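Before any comments, here is the structure.
The values are calculated or read from the model by the stated rules, or taken from the named source; none is laboratory data. It should be emphasised that the depicted structure is a prediction, and the values quoted were computed from it without experimental measurement. With ideal geometry, Cβ positions are generated from the backbone for all residues, glycine too; neighbour counts draw on all protein chains shown. Calculation scope for accessible area: heavy atoms of the full protein, side chains included, ligands and nucleic acids excluded. Shrake-Rupley method; radii C 1.70, N 1.55, O 1.52, S 1.80 Å.
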Amino acid sequence: MLKIISNRLTEEQYNIEEEALNASLFTTGNGYIGVRGSFEEYGSLRIQGAYIRGVIDEIIEVMEPFPDNEYMKKYYIDEDKLKEFEYQDSVINNLDFLLLRISIDGETFYPWEGKLLSWERYIESETAKLVRNVRWENSRGDITDFAFERFSSFADDHIYCIRVRITPINHCKKVEVISGIDKRVKTGGQKITSVLNESADKNVTYVHTLMGKKYGFETGITTVSNIFPAEAEWTGVSKDGLIYNTASFDAEKGREYTVEKCVYIVSSREGETAEPHVAGRRYEEYFGEHISEYRKIFEMADIDIKGDEKADVGVRFANYHSIISASHTDSIHSVAAKGLTGERYNDFVWWDCEVYQLPIFIYTAPEIAKKILMYRYRLLEQSRKNAKAAGLKGAKYAFCSSVEGDERVWMYARHPFMQVHINADIAWGIIHYYTVSGDIDFLRDYGMEMLTELCEFWKSRVELHNGRYEIRCVTGTDEHHPYVDNDAYTNYLVQFVLTKTTEYAKMFGMDNDYSEIANKLYQPIEDNGMIPQFDGYFDLSRNLEEAGGSNAVNFQMKSSGLYHKSQVIKQPDVMLIYSYLNMAPDGANYALNWDYYEKMCESSSSLSFAPHSICSADNGRMLSAYHYLIDTAYIDVYDIHKCGWQGVHSGCLVGAWYAVFRGIAGIVCREKYIEINPHMMPWWDKVTFSFYYKGSKYKVEMDNNSYLLETDSERDTVVIFKGEKCYINKENELVKKVR
Ligand code: BGC
């Protein structure tokens, strides 16, 4: 497991068993591409992976689940469709352009050959660079230091740079370098890519590839390799599925040699032609350009926690993963559930995107947030078709969104087809973005069209029963309870969306009015202040009924749970209303609901931890808020769900930022004011971070005694601090006692 060493999550020795997991954790990327932390000298199945956002095609997917209990048979899996199921859209793995093999006196460096005298590997979060320092002894006793570094450029989406500094410690042996592209990669264990054209000439290799037949995207990868000091002659070779350049030199003891490899990757997904691109600049130049762009995003999103190294390092690492998950240059694709760190979940865009992944960008990089929403706008036309095909009005977004916006959810799984809350989640994302940024141009030019179509969808989806509108036969956010009526999260959010859209329509002089439905839409609540997750929820058993055994751990955490008979839930639904939607429904009792639903939640979706941290903080239970925060930030470092090797849980990791911002610092940005109800961790010394609100920057510094909020805004901002109204502006900061 990675350990904190000098403020970094570090792999301090090579551990073959953790290679696949650490490949996810050590992904480098820039939102355009994600490159798993596989080794330059060996990229094998499960470990290697390089994914371009939205470069998706069709594969044969071998499905894991099988209907092995009553719940699975009745609600989860459609057996007929399971038998039909074969093809699925999936992100397609790129050729392995990391390929870089170094031999000392004829022996190639591999971590499992010879002797590793020292080893460390870590991500430098503040520069988005992966570092590996190795001291290696070959079988003849020649000791060599290798200092590997690599990064994906934030200055140019298409540039990926690798550098290895080689220092012979006790020898003057021949060093041979092979640098190029390994063409033998697979996606989901299958060979999907085919080479259209290739060349290897001196120090340049180039491969033009077809990435599948359904969408037929193409990529072009060029690698340019150099050795400094330049004593070597390069030759191009194409052999055994590899295409590379090779060079050798006689090393001098103690002298440092540098191999630099610049990779240029383009794809037809962004309309580029796959021409070779030979750029002849030095690693340091690319790195300099990269960090000046990357730092702008990193520093704005950074949270500094003094007095708790574990939380400080964990949140920073999580933020790194959030930053590299989103494209900062275009809206061709959006943020996927595993970012670009693995094949699992196929690079689909889920509801995680607008509810969980968007907030960090809304508050720290609004231009990225806008790009995320523009992906949905691009797919509006297809979503209109989806609604029509379902016999409904307006626009119906796919629960799993791929290239074209048609539904790509696994056809055999019944319940996600019913997670229509996606059509409220996207609306929520638009409203949240507008509320915080004040970007009225976006709302007018794109947001309103989406909101209106989404409200038209809901208008045609609600049903009138005994004078009230209801939303029947849905799956809420808790996938363990499909086919329910009046799911709390869905009903509360839909009412909010209908109300807000009506309000915005008035502002723009439009006559869409959804207030009649909003006012009469049933908002589930019991007399005792409890919100039932859906009709009849409290009548179910409070234990998890079990039957038989199951291996389907990824689908059901508890084996063979008969969830339909039980109140045990997979992930929060009601508690999202309080934590992520920032609503406190009239007459509902927050503490009572939290106490109850916390115990019913088995957290078999990692999307549970951040909302739970916020609910704990809101209710003053700081130790529990802390544990949930650590689970959020360390979900994959500790491999809590035992599937981190398939890619990191991006929707969970991104919650680390939000849990500090919304939970501990207690900030909720409303349309006309900022509300603050802080809950400092008793043992933390200080928390510092920044955020944007209505185009101005705000900085928070919080310790156990005081809360400082300053801004560069000329205008007055209304702040409601623990119920007390204050004003702040450039000259007038807010300093308050926390307790
Ligand atoms: C969760 C969903 C989520 C999906 C992708 C599932 O396990 O239950 O809520 O959208 O994973 O992260």
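Could you give the dipole magnitude of the chain about its Cα centre, charging the beta-carbon of Lys and Arg +1 and that of Asp and Glu -1, in debye to the nearest 20?
Numbers: 82 positive and 111 negative charges, 69 e Å.
Roughly 340 debye for the chain.
With one equal scatterer per alpha carbon and no solvent term, the Debye-computed log10 I(q)/I(0) for segment 139-203 at 0.12, 0.21, 0.27 1/Å reads -0.59, -1.08, -1.19. Centre-to-centre, using Cα atoms only, segment 66-135 and segment 409-471 are separated by 35 Å.
Once the Cα gyration tensor of segment 3-72 is found, what semi-axes does its equivalent ellipsoid get, as square roots of 5 times the eigenvalues, in whole Å, sorted largest first? Don't skip to the answer; put the middle values down first.
Numbers: eigenvalues 168, 77, 35 Å².
Value: 29, 20, 13 Å, ordered largest first.
For the chain, the alpha-carbon coordinates run over 86, 64, 53 Å along the three principal axes, in decreasing order. Computed from point charges on the beta carbon alone (+1 for Lys and Arg, -1 for Asp and Glu), the dipole magnitude for segment 424-485 about its Cα centre is near 260 Debye. Backbone geometry of segment 352-360 corresponds, through the Karplus equation with coefficients 6.51, -1.76 and 1.60 at θ = phi - 60°, to 3J(HN,Hα) couplings of 3, 4, 6, 8, 9, 8, 5, x, 4 Hz, x marking Gly and Pro. Close amide-amide hydrogen proximity is noted between Ile4 and Thr10, each under 5 Å apart and 5 or more residues distant or on a separate chain (H modeled in the peptide plane; Pro and chain starts excluded). The translational diffusion coefficient of segment 84-198, from Stokes-Einstein at 20 °C and 1.002 mPa s with a Kirkwood hydrodynamic radius over alpha carbon pairs, comes to 128 µm²/s.
Give me log10 I(q)/I(0) at q = 0.19, 0.22, 0.24, 0.28 Å⁻¹ for segment 34-80, Debye formula, one equal scatterer per alpha-carbon, no solvent. The calculated log intensity ratios at q = 0.19, 0.22, 0.24, 0.28 Å⁻¹ are -0.77, -0.83, -0.89, -1.03. Normalised by the number of residues in segment 315-393, the mean separation of alpha-carbon contacts (under 8 Å, six or more apart) gives a relative contact order of 26 percent. For segment 487-494, 3J(HN,Hα) computed residue by residue from phi via the Karplus equation (6.51, -1.76, 1.60; θ = phi - 60°) reads 5, 4, 4, 5, 4, 5, 5, 4 Hz, glycine and proline entered as x. Estimated translational diffusion coefficient (Stokes-Einstein, Kirkwood radius over Cα pairs, 25 °C, 0.890 mPa s) of segment 485-620: 149 µm² per second. Reducing segment 288-313 and segment 672-718 to their Cα centroids gives an inter-centroid distance of 17 Å.
Element breakdown for the chain at a 1.4 angstrom probe: carbon and sulfur atoms account for 46% of the accessible area.
From the residues Ile531, Gly216, Trp112, which one has its Cα farthest along the dipole of the chain in the positive direction, the dipole being from +1 and -1 charges on Cβ of Lys/Arg and Asp/Glu about the Cα centre? Of the options given, the answer is Ile531.
Taking the Cα centre as origin and putting +1 on Lys and Arg beta-carbons and -1 on Asp and Glu beta-carbons, what dipole magnitude results for segment 96-165, to the nearest 20 debye? Write out the running numbers ahead of the final one.
On the way: 10 positive and 13 negative charges, 25 e Å.
In total the dipole reaches around 120 debye.
Site pair Ser292 and Asp513 shows an inter-label distance of 5.6 nm when each label is modelled 7 Å from Cα along Cα→Cβ. Distance between the modelled labels on Ala547 and Asp240, one decimal in nanometres: 5.5 nm (7 Å Cα→Cβ projection). Measuring nothing but how far apart in sequence close Cα pairs (under 8 Å, 6+ apart) lie, relative to its length, segment 1-96 scores a relative contact order of 22 percent.
Here the Karplus curve 6.51 cos²θ - 1.76 cosθ + 1.60, taken at θ = phi - 60°, turns the phi angles of segment 309-315 into couplings of 4, 5, 5, 4, 5, x, 5 Hz, with x standing for Gly and Pro.
Which pairs in the list Lys672/Lys699; Lys296/Lys642; Lys396/Lys500; Lys393/Lys506; Lys183/Lys261; Lys599/Lys642 are over 27 Å apart, alpha-carbon to alpha-carbon? Could the numbers behind the result be given before it?
Working: Lys672/Lys699 18 Å; Lys296/Lys642 34 Å; Lys396/Lys500 19 Å; Lys393/Lys506 22 Å; Lys183/Lys261 17 Å; Lys599/Lys642 22 Å.
Long pairs (Cα-Cα over 27 Å): Lys296/Lys642.
Simple rule: put +1 on each Lys or Arg Cβ and -1 on each Asp or Glu Cβ in the chain, find the dipole, and look at Val637, Ile4, Pro682; the Cα lying farthest toward the positive end is Pro682. Distances between placed amide hydrogens fall under 5 Å for Phe26 paired with Gly37, all partners being 5 or more residues away or on another chain.
May I ask you to derive the relative contact order of the chain, considering only C-alpha pairs under 8 Å and at least 6 residues apart, and to give it as an integer percent?
Values: 1764 pairs, mean separation 89.5, N = 739.
Once divided by the residue count of the chain, the mean separation gives 12 percent.
As a rough guide to protection, the peptides 152-161, 314-323, 333-342, 710-719 ranked by mean Cβ packing within 10 Å, highest first, stand as 333-342, 314-323, 152-161, 710-719. Any idea what % of Cα-Cα pairs in segment 372-430 are farther than 17 Å? It works out to 32 percent of all Cα pairs.
Per-peptide packing, taken as the mean over residues of other Cβ atoms within 10 Å, places 422-432, 78-88 in the sequence 422-432, 78-88 from highest down.
Placing unit charges on the Cβ atoms of the charged side chains and taking the dipole of the chain about its Cα centre, the candidate lying farthest along the positive direction among Tyr51, Gly429, Tyr397 is Gly429. For segment 267-366, the convex hull drawn through the C-alpha positions has a volume of 147 cubic angstrom per residue.
Per residue, the accessible area of the chain comes to 36 Å² when a 1.4 Å probe rolls over the protein heavy atoms. Dividing the alpha-carbon radius of gyration of segment 638-731 by the rule-of-thumb value 2.2 N^0.38 Å gives 1.29.
Within segment 188-343, the percentage of alpha carbon pairs spaced more than 19 angstrom apart rounds to 70%.
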